[in-house]
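Notes to accompany the following structure.
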Amino acid sequence: MTMQQRTEPSPAAVLIAVAVLALVLTVAFGPFGFVIGLALFALMFVGTKHNHASEPITPVRTRSRLRRLSTAGRVDIVGESHHQDAIAEVARHTTRIDGAVPATAVLLPESARAVRIDLLRGDGSAVTAGYLRGEQAAGYQPLLNELAERGEAGSCPARITGGGQRQYNVHLHLGPPRLLRLDHEVLGTTPTLPADQQVTITDEEAHQHVLHRVVEGRTPAHVIAELKDCCISEGPHTGEHTLEVLLEGERIGQLSYAMARRYYERVQDWRSRTGRALCEAVITNEGTRGLHAKLLLPK
């Protein structure tokens with residue numbers, strides 16, 4: 001993963017230096033010198049306002065392993081207006097889904113209350129898109145600092161909206177500060193479906209051994225599941241298409257016929273665009289009823 005690093009002169013220092021030069025010219029040449037100094041001051045002021053667009057970006061190569069964070073929420077970032085060119089570069093190379101450009105965001109702690117949001121590009125490098133708000137950054141700092149000490153960085157799905165005549169904006173599918181388990185390398189940066197609401201699944205009773213192996217006695221467990229096509233094998237809807245739910249490649253259940261009708265085509269479309277149909281899931285212990293999983297899927 002490549003992060004960008006800039007070295008910028010202080011705008012205040014530049015303006016002070018030009019102001020001093022303008023004063024010297026005024027003393028030396030009178031009104032004519034004052035006009036020259038004023039023109040220089042105006043030019044340098046405009047230059048400092050647009051300096052970020054012309055300065056080269058020096059990439060810094062890191063080997064941070066991306067760890068997926070909970071997606072059960074939506075967070076708007078701030079500061080996008082200062083990074084419009086970088087966001088546009090990511091947006092123009094990705095197809096929109098439901099009116100927004102999907103991307104992968106990386107959360108990088110910069111100080112005690114600052115968390116920078118970078119967006120991954122197709123070549124694996126990253127560009128800065130903005131920052132978390134102060135109170136949200138403070139909540140995520142402990143987890144992100146812990147990851148950084150291990151050479152890791154938190155990531156989550158992002159959506160880019162706007163463009164054209166409008167400003168680009170970025171929001172994150174980001175929940176409370178927690179990691180998703182089963183975050184192994186094979187998942188790569190494939191995005192997960194938007195986590196808007198919980199959806200129950202069926203047939204978990206026959207797959208309790210898989211659920212117990214995954215949670216290792218700790219519930220609730222937040223994991224990444226995969227949805228694949230299958231057919232209903234019994235009941236009044238035998239032979240109809242549905243979606244089975246997999247954890248680490250092993251089946252733990254399937255969507256009901258009603259839920260399959262609602263999500264089947266949407267999941268197919270998502271898979272065709274992203275390569276896989278991944279979603280967040282929560283495994284809970286229901287006591288005598290055993291372990292149960294609920295998927296977090298779009299509305």
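The values are calculated or read from the model by the stated rules, or taken from the named source; none is laboratory data. Predicted model, so just to flag it, every value in this text is computed and none were measured. Cβ: placed from backbone, ideal geometry, glycine included. Neighbour counts: every protein chain shown.
Things to note:
- Qualifying residue in region 148-171 (condition: touching a residue at least 60 places away in the same chain (Cβ under 8 Å), over 23 Å from Ser125 (Cα atoms), surrounded by 14 or more Cβ atoms within 10 Å (Cβ to Cβ) and of a type outside the set (Ser, Thr, Tyr)): no
- Some residue of region 118-129 being free of Cβ contacts under 8 Å to residues at least 40 places away in the same chain, touching a helix residue (DSSP H, G or I) at 6+ places or on another chain (Cβ under 8 Å) and among the basic types (Lys, Arg): yes
- Evaluated against (1) part of a helix (DSSP H, G or I); (2) at pLDDT 90 or above, Leu172 falls short on exactly one condition, (1).
- Unmet criterion (only one of (1) more than 21 Å from Gly73 (Cα to Cα); (2) outside any loop (DSSP other than H, G, I, E, B)) for Val223: (1)
- Within region 116-126, not a single residue is within 19 Å of Tyr140 (Cβ to Cβ), among the small types (Gly, Ala, Ser), out of contact with any Asp or Glu (no Cβ under 9 Å at 6 or more places or on another chain) and in a strand (DSSP E or B).
- Members of region 247-261 found to be within 26 Å of the chain's Cα centre (by Cα) and surrounded by 15 or more Cβ atoms within 10 Å (Cβ to Cβ), listed by number: Leu247, Glu248
- Any hit, region 113-130, residues being farther than 20 Å from Ala72 by Cα and not assigned by TED's automatic domain parsing to the domain that holds Arg92: no
- In region 214-241, the qualifying residues are those that are of a type in the set (D, E, K, R) and more than 29 Å from the chain's Cα centre (by Cα), and the one that is surrounded by the most Cβ atoms within 10 Å (Cβ to Cβ) is Glu240.
- Being surrounded by 13 or more Cβ atoms within 10 Å (Cβ to Cβ), more than 19 Å from Leu193 (Cβ to Cβ), not hydrophobic (A, V, I, L, M, F, W, C) and not assigned by TED's automatic domain parsing to the domain that holds Ile97 is not true of Thr274.
- First in region 63-79 and at pLDDT 90 or above, second anywhere and hydroxyl-bearing (Ser, Thr, Tyr), Cβ under 8 Å, 6 or more apart: Ile77/Tyr131; Val78/Tyr131; Gly79/Tyr131
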